[in-house]
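Peer 1: Dropping the structure in here first, questions after.
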Amino acid sequence: MLSLLKQYRELVVTGVLIALPFATYLSHAKHGKNLNPFDRAVLTVTGPLERGLNTVVYSAIDTWGSYVGLRHVRAQNLTLRAKVLELEAQNGKLQEAKLENERLRQLLDFARQVPAPSVVAQVVGTGLAPDFLSIRIGRGAADGLRKGMAVVTPRGVVGKIQQVTAHQADVELITDASSAVAVESQKSRARATVRGSGDAHLCKLDYAERSALFEDGDLLITAGTDGIFPKGLAVGRVSHLDHQKAGFSLRGEVTLAVDLSTVEEVLVLGEAGDGAPAQARNGALLEAVHAGAPLRLLSAGVTP
Amino acid sequence: MTAKLVLGVVVSLFAMAVASVVVHVLGLGAARIEVVAVVIVWACLSLDTTRAALCSFAAGYLFDLMSGSPTGLYPLVAMLTFAVCRVAVAMVDVSHPAGFAVLCGVIDCVHQLLAWGLIALFVQAGAHSILAAIPATASLTALGGLALYPIFHRLDLAFDREESSVIYR
């Protein structure tokens, strides 16, 4: 019998291994079977193994997902950065246009207040010679500009026209060493002269009588006696007054009312009676500003 | 040789756990990767008949326990599949991973049809979903066989080749 079993061992084992689950299945096919102790033991052993393996596999999948996600995020980040740069550039342009509009509105409002006819002009460049402080504006003889005309902003005096071509003009700044403006103290009405120092931000107070009442911080305005600047335009404030006992006049510095290094639009003041065409242009410009036209073009002299 | 059998069962346990995760992650629906079919094919190719039968039974038993509702169906199906596979491997030459994968797919079809037949015969419920999923499951099982081939091949190389297994005869 034993030798028979050994001879047909494979068949016997296979038969038993088929018969055993067959019987089990027959009895439990419809309702499932209750786990026997052996089943429980196997599950007890394999359960943690399966859970551990699941954890490892899910961790690997999560890591891979994170990696892929990070790559996606990186690509998205680059796209968004480019978009941010683009939007910042757009925003900068809009801010610039807004500021320019505000400045031009102020300038046009100021143009309506000044007694002389005026022309709005845009600063198109700065003089390259270090010993001649000047700026170049985008209006010229064709717009009625002539040598010697006053150039101002709503904040104060800028300079005077030094030379003119058909469509642009060079403005000698009041800081230039050869510049001189007749001024008076707004507070005491004492008169003096403001001379250019050659320094881009300072002027010198000159010909101020020692007996006159000047104090540090006094606002100096144009006196209107030099035939160039009308009376009452701001020039700057007195600073560093030198109260020497000797000499006929006081000396000091003048901190300018206008930061000449940042001026972008100016008003060129004509003489009464010679600026009707320019006044008409400014009137049209003002109307265009209120209508929301692009002021950059208008101030550069382009007809809307 | 018994160690090889035990290792084969351990590998099948690991592979089933991985397959369950993969099925879940990929959202395969009714389709499955039937590692048990791959194990049966490997056992028939690499082990003698007795151990191959034991290995197949063990794989079927583990599959049954992991099915969530053990009824004894899968050990039975595994053993019937083993019987078919044992005859099949004697007639085909499987010496390449692709051949192993194809055989896994074919044997899985047999495995699923047997399961369907037994369920239809004794329970008469849920059989249609099994039939509909047969092509997809067989394909996935073939891919699973391709993935498991290097592991089983390494297992084969690690043990003595003097055994009367089919693959090295």
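Peer 1: Here is a list of conditions, (1) aliphatic (A, V, I, L, M); (2) surrounded by fewer than 18 Cβ atoms within 10 Å (Cβ to Cβ); (3) in contact with a Leu (Cβ under 9 Å, 6 or more places away or on another chain), and A:ALA141 meets all of them except one; can you say which number that is?
Peer 2: Of (1) aliphatic (A, V, I, L, M); (2) surrounded by fewer than 18 Cβ atoms within 10 Å (Cβ to Cβ); (3) in contact with a Leu (Cβ under 9 Å, 6 or more places away or on another chain), only one is false for A:ALA141: (3).
Peer 1: While we're here: Confirm whether B:ALA115 is over 15 Å from B:ARG32 (Cα atoms), out of contact with any His (no Cβ under 8 Å at 6 or more places or on another chain) and of a type outside the set (Val, Ile, Thr).
Peer 2: No: the conditions fail for B:ALA115.
Peer 1: Pick out the one residue from A:ARG189, A:ARG195 that is part of a strand (DSSP E or B) and either at pLDDT 85 or above or farther than 30 Å from A:PRO117 by Cβ (or both).
Peer 2: Just a single option satisfies the conditions, and that option is A:ARG195.
Peer 1: So how many residues does the stretch A:155-180 have that are out of contact with any Gly (no Cβ under 6 Å at 6 or more places or on another chain) and either farther than 17 Å from A:THR222 by Cβ or without any contact (Cβ under 8 Å) to a residue 24 or more places away in the chain (or both)?
Peer 2: Qualifying residue count, the stretch A:155-180: 4.
Peer 1: In this structure, does A:LEU4 turn out to be loosely packed, with under 13 Cβ neighbours inside 10 Å and either out of contact with any helix residue (DSSP H, G or I) (no Cβ under 9 Å at 6 or more places or on another chain) or more than 7 Å from chain B (Cβ to nearest Cβ) (or both)?
Peer 2: Details: loosely packed, with under 13 Cβ neighbours inside 10 Å: yes; either out of contact with any helix residue (DSSP H, G or I) (no Cβ under 9 Å at 6 or more places or on another chain) or more than 7 Å from chain B (Cβ to nearest Cβ) (or both): yes.
Against the criterion (loosely packed, with under 13 Cβ neighbours inside 10 Å and either out of contact with any helix residue (DSSP H, G or I) (no Cβ under 9 Å at 6 or more places or on another chain) or more than 7 Å from chain B (Cβ to nearest Cβ) (or both)), A:LEU4 qualifies.
Peer 1: OK, next. Conditions: (1) at pLDDT 85 or above; (2) over 16 Å from B:ALA78 (Cα atoms). B:VAL123 meets all but one. Number of the miss?
Peer 2: (1)
Peer 1: Quick check on my filter: what residues within the stretch B:43-100 are part of a helix (DSSP H, G or I), surrounded by fewer than 21 Cβ atoms within 10 Å (Cβ to Cβ) and more than 8 Å from chain A (Cβ to nearest Cβ)?
Peer 2: Hits for the stretch B:43-100 are B:VAL84, B:ARG86, B:VAL87, B:ALA88, B:PRO97, B:ALA98, B:GLY99.
Peer 1: Another question, then. From the list A:GLY127, A:GLY148, which one is more than 23 Å from A:PHE110 (Cα to Cα) and surrounded by fewer than 19 Cβ atoms within 10 Å (Cβ to Cβ)?
Peer 2: Being more than 23 Å from A:PHE110 (Cα to Cα) and surrounded by fewer than 19 Cβ atoms within 10 Å (Cβ to Cβ) holds for just one of A:GLY127, A:GLY148, which is A:GLY127.
Peer 1: Within the bounds of the stretch A:56-68, is there any residue that is away from chain B (no Cβ under 14 Å) and exposed (fewer than 13 other Cβ atoms within 10 Å of the Cβ)?
Peer 2: Yes, the stretch A:56-68 contains a residue that is away from chain B (no Cβ under 14 Å) and exposed (fewer than 13 other Cβ atoms within 10 Å of the Cβ).
The values are calculated or read from the model by the stated rules, or taken from the named source; none is laboratory data. Quantities reported herein were computed from a predicted structural model and do not represent experimental measurements. Glycine gets a Cβ as well: all are built from the backbone with ideal geometry, and neighbour counts include every protein chain shown.
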